[in-house]
Every structure is written in C-alpha cells, then in structure tokens.
Amino acid sequence: MAGCAPRNASQPSPRGIPAAGGLLVLQLLVPALVLAWPVTARAYQERLIVAVTEGNCTLRVEADDQSRTLRLRVLSGAARCDLNKSTMAAVLKTALAQTDQERPGESYGSLFLGRLVDFPWLSRYLAWFACRDPRWDRKKGRPVSGNLNGYVRDALASPEVTALFDEALGTSGYRVAAVTVEKVLVGRCDDLPLPATGTRVSGKAPYDAMVWLVLGKAERRRASDGEDVVQLQEKLMSKRSAQARALK
C-alpha cells in the first residue's frame with residue numbers, strides 16, 4: 001500500500017500481537033507444561049491405605065510418602081458424624097498393618113488428625129480438662145501462664161489421650177512421642193458438649209485445633225532376663241528424649 005513503509009524485523013510487534021519468535025516459544029512451552037503437570041500433581045497426591053464407612057462417617061487413613069506423614073481423615077455427610085473411639089483405633093491398626101506388608105522397612109514420622117472436632121470425644125476431653133484445670137482462666141479464655149498452643153499441646157499429650165493411640169499403634173512398633181497443635185479455637189462453655197454434671201460451667205474453654213501426633217518407632221531388640229519389653233521400650237524412648245535435649 002502506498003505510503004506504508006515495511007516494518008523492520010527488529011521492531012517490536014504491535015501491542016497484543018506476539019512476534020513470530022514469541023509464538024514459537026509458546027508453542028514449544030505449552031505442551032511441555034501440560035506434560036509436566038500430571039507428574040507434579042502426582043508428587044503431592046496422598047495414597048489411600050484404607051477407608052471404612054460407619055453410619056454417616058467415612059474414616060480414611062492416607063499416606064503422604066514424600067513427607068512421611070500419615071493422615072487420619074474423617075468425612076461426613078450433611079450432618080457432622082460422631083465417630084467412636086473403637087472404630088478409629090481398629091481402622092488405624094488395620095492401616096498400619098497393611099502399610100507394613102506393602103512397604104516393609106519404611107517408617108512415618110507423624111500422624112495428622114486434622115481438626116479436633118472431627119473426633120468428638122477428644123474435643124469434649126479438651127474442653128472438660130480446661131474447665132476443671134486451675135491453670136486455665138475460664139473468664140479470659142486463656143491459660144494463666146504460657147501460650148494457648150502450648151497449653152492445648154500439653155493437655156492432649158496426657159496419658160488419657162495418647163494411651164488410645166499407642167494401643168492402636170503398638171502392633172506396628174510406633175508410639176506417640178509428642179503432640180503439636182496450631183489454630184486453637186476457644187468457645188463459650190455453655191455452647192460446648194460438656195458432661196452433664198448438674199452444675200452450670202461458665203466462661204470459655206478450648207475445644208478445637210489442628211493436631212499432629214509425632215510418631216516414634218520403638219527399637220526391636222530382645223529384653224534381658226526378667227526385664228519386661230514395655231519397660232525396655234520406655235528406657236529406649238527416655239534415652240532418645242535425653243539425646244534430643246542434648247542436641248538443642
């Protein structure tokens with residue numbers, strides 16, 4: 001067309017129209033990204049070990065083999081389910097036995113429970129524990145001293161809680177070595193499912209949190225004559241704790 005000078009190849013393309021070189025790069029890059037995506041997605045996908053449905057609840061035990069973490073996941077329908085302790089213990093025991101068969105020699109470092117309210121008996125235990133504890137200020141809704149996460153962590157690390165998990169974990173050689181929590185929620189005692197005692201409990205108490213159980217692997221060795229295997233495991237765990245403190 002008269003009056004229109006040809007555009008030099010070194011000049012930038014008009015806005016919105018990529019240059020030929022840019023189109024070529026995009027044509028090569030997009031397929032590569034598409035091919036790489038499934039690999040990346042699979043790397044972070046949790047592996048289902050076992051799933052059990054009971055009433056309105058489905059309990060799944062999953063494994064993230066990359067981070068060496070087990071996940072105890074509770075799925076419910078329209079209404080929140082009330083999963084009982086015995087079902088949880090049985091499913092966890094089955095899952096660990098299956099994992100030992102499928103991948104012998106491998107171990108996991110933690111068990112993620114998710115939200116505490118998905119396990120109603122644990123939520124009730126925590127709230128009732130705080131309501132009766134002089135170290136908890138019900139009026140202010142916080143511990144008398146220390147931080148909120150630390151208080152809930154110590155409450156859930158009590159033998160009343162860990163014994164149930166240790167029983168389910170015991171056949172695989174695991175045990176609860178520690179508890180970690182975050183995102184603790186505090187509510188009014190009147191709104192929490194506390195035991196019926198006939199006495200009104202006022203104030204606030206913790207009832208929910210994100211919870212991880214840190215797992216320890218019991219060392220397998222023969223106990224000496226007259227020494228109970230459980231006592232031997234206790235000594236081994238005590239030795240590990242002392243070594244960990246020495247490294248800090």
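The values are calculated or read from the model by the stated rules, or taken from the named source; none is laboratory data. Model, not experiment: these values are computed from the prediction. Neighbour counts run over all protein chains shown; Cβ positions are idealised from the backbone, glycine included.
For Val201, are the conditions met, namely being over 22 Å from the mean Cα position of the chain (by Cα) and either buried (at least 19 other Cβ atoms within 10 Å of the Cβ) or assigned to a loop (DSSP other than H, G, I, E, B) (or both)? Yes: the conditions hold for Val201.
Residues considered: Arg142, Arg71. Of these, the only one that is under 17 Å from Thr53 (Cα atoms), at pLDDT 90 or above, touching a Leu at 6+ places or on another chain (Cβ under 8 Å) and surrounded by 15 or more Cβ atoms within 10 Å (Cβ to Cβ) is Arg71. With the structure loaded, tell me whether Pro134 is modelled with pLDDT of 85 or more, over 24 Å from the mean Cα position of the chain (by Cα) and loosely packed, with under 11 Cβ neighbours inside 10 Å or whether it fails that test. The answer is yes for Pro134.
For the residues Val179, Val161, Val152, the requirement of being closer than 17 Å to Gly216 by Cα, at pLDDT 95 or above and of a type in the set (Val, Ile, Thr) singles out Val179. Can you go through Ser145, Ser172, Ser123 and tell me which one is within 17 Å of Pro193 (Cβ to Cβ) and among the polar types (S, T, N, Q)? On inspection, the qualifying residue turns out to be Ser123. Under the condition of being in contact (Cβ under 8 Å) with a residue 12 or more places away in the chain and touching a helix residue (DSSP H, G or I) at 6+ places or on another chain (Cβ under 7 Å), the residues counted in the stretch 141-159 number 4.
Each row is one residue, and each column tells you yes or no for (1) closer than 22 Å to Thr58 by Cα; (2) in contact with a helix residue (DSSP H, G or I) (Cβ under 9 Å, 6 or more places away or on another chain).
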| site | (1), (2) |
| --- | --- |
| Ala89 | yes, yes |
| Ala97 | yes, yes |
| Arg124 | yes, no |
| Cys131 | no, yes |
| Arg138 | no, yes |
| Thr162 | no, yes |
| Lys183 | no, yes |
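Kindly indicate whether Pro134 is assigned to a loop (DSSP other than H, G, I, E, B), touching a residue at least 60 places away in the same chain (Cβ under 8 Å) and of a type outside the set (Ser, Thr, Tyr). Against the criterion (assigned to a loop (DSSP other than H, G, I, E, B), touching a residue at least 60 places away in the same chain (Cβ under 8 Å) and of a type outside the set (Ser, Thr, Tyr)), Pro134 does not qualify.
Scanning the stretch 163-175 for residues that are in contact (Cβ under 8 Å) with a residue 60 or more places away in the chain and either surrounded by fewer than 16 Cβ atoms within 10 Å (Cβ to Cβ) or within 15 Å of the chain's Cα centre (by Cα) (or both) turns up Phe165, Glu167, Thr171.
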